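Okay, structure first, notes after.
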Amino acid sequence: MRPYLLYSDGEGNIFEDNSLYAVGRAGWDAFEVEPDQWIPLPEGGNLYELPGRKGIGIDVHTGEMRLCDKGWAVAAFIPPAHTTLWLSAYETSPDAPTLPLFCYTAAGWMDGKHWVTAVKIEQDIRQEAAGYNEDAIANGTKQLLQQYPENRLVKHLMENCCMTYHCPAARNFSLHRWECPIPVSPACNANCIGCISFQPEDESIVSNHDRLTFKPTVEEIVEYTVPHLMEAPYPIVSFGQGCEGEPLLMWETIAPAIQEMRKHTQRGSININTNGSRPEWVKALCEAGLNSIRVSTNSARKSIYEAYYRPNNYQFEDIVESLRVANSYGCWTSINYFVFPGMTDSNEEYEALRKLIRTTGLSMIQWRNFNIDPDWYLGKIGVTETGEMWGVKQMMEMIRDEFPDLKFGYFNPPIERIKGNYATDFAHH
Ligand code: SF4
């Protein structure tokens, strides 16, 4: 059995077309998907109708690929801890609107339920939809705002991130558990095409979050992070969030904040999510006591990286050097690897990724879903042909075989997992 293609009536109603089997997309092309690459749509996932796009499927009788003329194409937004293996396959009409900054995973219908082409890459439960109790979050928010009445950062995290954007990290902070966010930077030294906190006025899409508008003080950072490190289960405090620019630009605030935190407690992990643009500032943070670093990238290839990040006064080699420097200080080093089927698993990317892992002594790959309109992305970076490819699942297996100590996941690991038993020391049922 294979999943049937899904289509929408353009009014939010989604149906299966049992004259067509669902397929997947990689790069600019549609492909038949192996049965073992489909999983039931995980809890917390959503289905999207894609205006101005017609789904591509395989005719159940002829075996030929053809368009579905019954309605608009459909894709799935899969929840954290799962990685996309194939994109939704469709044909886009010339006047179709650019899609917003979400991931568009291939989806289908079979045995009375929805299926997606994805793999569960992470066992840590920190962002499981079922784990968020709205009443407890509201109480925690109220309590934190009362506890820190003058703290602009707590106010931003609770009123904006937690109660408006429903940010999983801010919601975990309100519940006094796991990874707690520390946004610090109103500015950035990159111009990512799919930036989720800033999109130029003339762009056809909007950013998902408004960027932080103030520079927090060391005192504002330390006031709420020290109790979290001392009391929360599997505590991590993370600079670099979706609602800010580049945290490294605030290294002169972050370094003394880290030192101040460590004066109070040695518990937990102090992490930075960053574009890795300035290795000399990474060095200063490692010397201040940073425990782990996650560098975001859409590619291990200079040309593809720079076409997307459009960096100001830094280049791809700098992010490689930041990972290498952090590793030399014994920091846990991850890449926040935006997975795009056809690009990520191209042979060129595979070779570049192997080189990056060897050059930097990388600890972990966080195989993240790339939240971007596929046509818009490939068009913007000027890719018309993606070349030979392995398939995302196969590429993961090849990397795992060659680098058995390299960890795969979706989230920054707590210090217990880094220093303890990696297989068990993390948030789980
Ligand atoms: S590095 Fe982050 S904040 Fe800066 S442009 Fe890219 S996505 Fe936006």
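The values are calculated or read from the model by the stated rules, or taken from the named source; none is laboratory data. Since the structure is predicted, the reported quantities are computational estimates derived from the model, not experimental observations. Counting neighbours? That spans all protein chains shown, and the Cβs are built from the backbone with ideal geometry, glycine included. Quick note on the areas: whole protein, heavy atoms, side chains included, nothing else; ligands and nucleic acids left out. Shrake-Rupley method; radii C 1.70, N 1.55, O 1.52, S 1.80 Å.
Can you tell me which residues in the range 247-271 are open to solvent by less than 10 Å² (accessible area, probe 1.4 Å) and either of a type in the set (D, E, K, R) or under 16 Å from Asn189 (Cα atoms) (or both)?
Pro247, Leu248
Condition check ((1) outside the structural domain of Tyr309 (by TED's automatic domain parsing); (2) among the basic types (Lys, Arg); (3) open to solvent by less than 20 Å² (accessible area, probe 1.4 Å)) across all residues:
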| position | (1), (2), (3) |
| --- | --- |
| Ile372 | no, no, yes |
| Leu378 | no, no, yes |
| Thr384 | no, no, no |
| Gly391 | no, no, yes |
| Met395 | no, no, yes |
| Glu402 | no, no, no |
| Asn412 | no, no, yes |
| Lys419 | no, yes, no |
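Residue check: is Trp109 of a type outside the set (Val, Ile, Thr), in contact with a strand residue (DSSP E or B) (Cβ under 8 Å, 6 or more places away or on another chain) and either within 16 Å of the ligand (Cβ to nearest atom) or assigned by TED's automatic domain parsing to the domain that holds Asp375 (or both)? Walk me through how you get there before you give the answer.
On the way: of a type outside the set (Val, Ile, Thr): yes; in contact with a strand residue (DSSP E or B) (Cβ under 8 Å, 6 or more places away or on another chain): yes; either within 16 Å of the ligand (Cβ to nearest atom) or assigned by TED's automatic domain parsing to the domain that holds Asp375 (or both): no.
Here the answer is no, as Trp109 does not meet what is asked.
Yes or no: Pro247 under 23 Å from the mean Cα position of the chain (by Cα), of a type outside the set (D, E, K, R) and under 18 Å from Asn327 (Cβ atoms)? Step through it out loud before you land on a result.
Details: under 23 Å from the mean Cα position of the chain (by Cα): yes; of a type outside the set (D, E, K, R): yes; under 18 Å from Asn327 (Cβ atoms): no.
Criteria not met by Pro247.
Which condition breaks for Ala307 when tested against (1) crowded, with 18+ Cβ neighbours inside 10 Å; (2) within 16 Å of the ligand (Cβ to nearest atom)?
Of (1) crowded, with 18+ Cβ neighbours inside 10 Å; (2) within 16 Å of the ligand (Cβ to nearest atom), only one is false for Ala307: (1).
Right, Ala300: assigned to a loop (DSSP other than H, G, I, E, B), in the same structural domain as Cys192 (by TED's automatic domain parsing) and away from the ligand (no atom under 16 Å from the Cβ) or not?
The answer is yes for Ala300.
Here are Ser88, Ser93: which of them is crowded, with 21+ Cβ neighbours inside 10 Å and not assigned by TED's automatic domain parsing to the domain that holds Ser299?
On the way: Ser93 fails: crowded, with 21+ Cβ neighbours inside 10 Å.
Of the residues listed, the single one that is crowded, with 21+ Cβ neighbours inside 10 Å and not assigned by TED's automatic domain parsing to the domain that holds Ser299 is Ser88.
Find the strands (runs of 3 or more DSSP E) located wholly in the range 78-150 whose residues include 2 or more that are more than 24 Å from Ser19 (Cβ to Cβ) and touching a residue at least 60 places away in the same chain (Cβ under 8 Å), and list them.
On the way: elements: 82-84, 90-92, 107-110, 113-120.
It comes to 82-84, 113-120.
So how many residues does the range 10-65 have that are under 28 Å from Met395 (Cα atoms), among the charged types (D, E, K, R), open to solvent by 40 Å² or more (accessible area, probe 1.4 Å) and assigned to a strand (DSSP E or B)?
1
Write out, first by first residue and then by second, each pair whose Cβ atoms fall under 6 Å of each other, whose residues are 6+ apart or on separate chains, and whose first residue, in the range 231-260, is in the same structural domain as Ile418 (by TED's automatic domain parsing) while the second is more than 15 Å from the ligand (Cβ to nearest atom) and among the polar types (S, T, N, Q).
Ile236/Ser269; Ile236/Asn271; Ile236/Asn412; Val237/Thr225; Ser238/Asn271
Evaluate the range 130-139: report whether one residue or more is farther than 28 Å from Asp425 by Cα, surrounded by fewer than 17 Cβ atoms within 10 Å (Cβ to Cβ) and not assigned by TED's automatic domain parsing to the domain that holds Arg417.
no
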